[in-house]
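Trainee: I am attaching a structure below and will ask some questions about it afterwards.
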Amino acid sequence: MQADKEAHVAVKKDATPQQVRLICNVKDGKASDLNTSVGNDAPADAGAVYADINSGKLYQQSFLDRGNWKLPFRWGIIGTVDPSVTKVTVSYGGSTGETALDHGWFVAYGTLNQQVTKAPHIKGYDAAGKLVYDSDQDKYYQKTLP
């Protein structure tokens, strides 16, 4: 997400009957590149945290600029969380991003100051502070960038 372009993420307040999310870019005050999903696309045996399959568009600069990295780079990632998850941390390129939980979703964002080859590292915790999810252990999470 370059300085002249911002990405925005919106989720439906009430996840009943299905979760809904929208990701779009805003450039020069106009929305473009709309991407939506309805329902939870997590496999039945997914962990307590599940990164949205389309969120790579928010953290893979190579996806946007075909490998021509421009730094600093504002990144983001979105996904779903089980009700038991009360905290999510996301590290990317040596720094930890800001994370918010809302209505069964997590959103994290930050600024990347170096080119990387690995995807963001996600951890989820329950109310007691126990680690209940680690993306390094998730068979569904793509840990390296394409």
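Trainee: Looking only at region 125-138, which residues are loosely packed, with under 13 Cβ neighbours inside 10 Å and either acidic (Asp, Glu) or in a loop (DSSP other than H, G, I, E, B) (or both)?
Mentor: Selection gives Ala127, Ala128, Gly129, Lys130, Asp136.
Trainee: Would you list the strands (runs of 3 or more DSSP E) that sit entirely within region 76-124 and hold 3 or more residues that are open to solvent by less than 50 Å² (accessible area, probe 1.4 Å) and aliphatic (A, V, I, L, M)?
Mentor: Correct list: 85-92, 105-112.
Trainee: Tell me the residue from Trp75, Trp69, Trp105 that is farther than 20 Å from Ala44 by Cα and under 11 Å from the mean Cα position of the chain (by Cα), please.
Mentor: Unique residue meeting the criteria: Trp75.
Trainee: Would you pick out the residues in region 47-72 that are at pLDDT below 85 and part of a strand (DSSP E or B)?
Mentor: Once the filter is applied, which keeps residues that are at pLDDT below 85 and part of a strand (DSSP E or B), region 47-72 yields nothing.
The values are calculated or read from the model by the stated rules, or taken from the named source; none is laboratory data. Just so it is clear, the structure is predicted and the values come from calculations on it, not from any experiment. Cβ sites come from the backbone with ideal geometry, for glycine too, and all protein chains shown count toward neighbours. To get the accessible areas, we keep the full protein, side chains included, count just its heavy atoms, and leave off ligands, DNA and RNA. Shrake-Rupley method; radii C 1.70, N 1.55, O 1.52, S 1.80 Å.
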